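Notes follow once the structure below has been shown.
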Amino acid sequence: MSSAPTIQKETIYQAIESLSLESLQDLASFIAYLQYKEQHETDWFLSLYQLFEPVRDAVSHMSDDEIDKIIGDAVSKVQSERKTQGRV
């Protein structure tokens, strides 16, 4: 298993110093994208985690087999309903 190379901020700063104005504009756009992506991925995961908190609490006393059976029954029910409606 290989590890990711260590990135030194100073190396990045030096690389930025050598960029053209056009490349700096591209870099600024890319940094804005990374900041947006990082913020929204974190928000998405946290929102999903919080959304399912009541479910985790409700099944905390159940075994994995019990949970799997409930999920399997629910999937089978939906599949049966879809077949009845002509959708698979």
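The values are calculated or read from the model by the stated rules, or taken from the named source; none is laboratory data. Remember, predicted model here, so these are calculated numbers, not experimental data. In this analysis, Cβ positions are derived from the backbone assuming ideal geometry, glycine residues included, and neighbour counts consider all displayed protein chains.
Residues 26, 57, 68: which one is at pLDDT 90 or above, exposed (fewer than 10 other Cβ atoms within 10 Å of the Cβ) and in a helix (DSSP H, G or I)?
Details: 26 fails: exposed (fewer than 10 other Cβ atoms within 10 Å of the Cβ); 68 fails: exposed (fewer than 10 other Cβ atoms within 10 Å of the Cβ).
Result: 57 is the single residue among 26, 57, 68 that is at pLDDT 90 or above, exposed (fewer than 10 other Cβ atoms within 10 Å of the Cβ) and in a helix (DSSP H, G or I).
Determine if the range 1-11 includes at least one residue that is part of a helix (DSSP H, G or I) and either loosely packed, with under 10 Cβ neighbours inside 10 Å or at pLDDT 95 or above (or both).
Of the range 1-11, the ones part of a helix (DSSP H, G or I) are 9-11.
Okay, now just the ones that are also either loosely packed, with under 10 Cβ neighbours inside 10 Å or at pLDDT 95 or above (or both), so 9-10.
Within the range 1-11, one or more residues are part of a helix (DSSP H, G or I) and either loosely packed, with under 10 Cβ neighbours inside 10 Å or at pLDDT 95 or above (or both).
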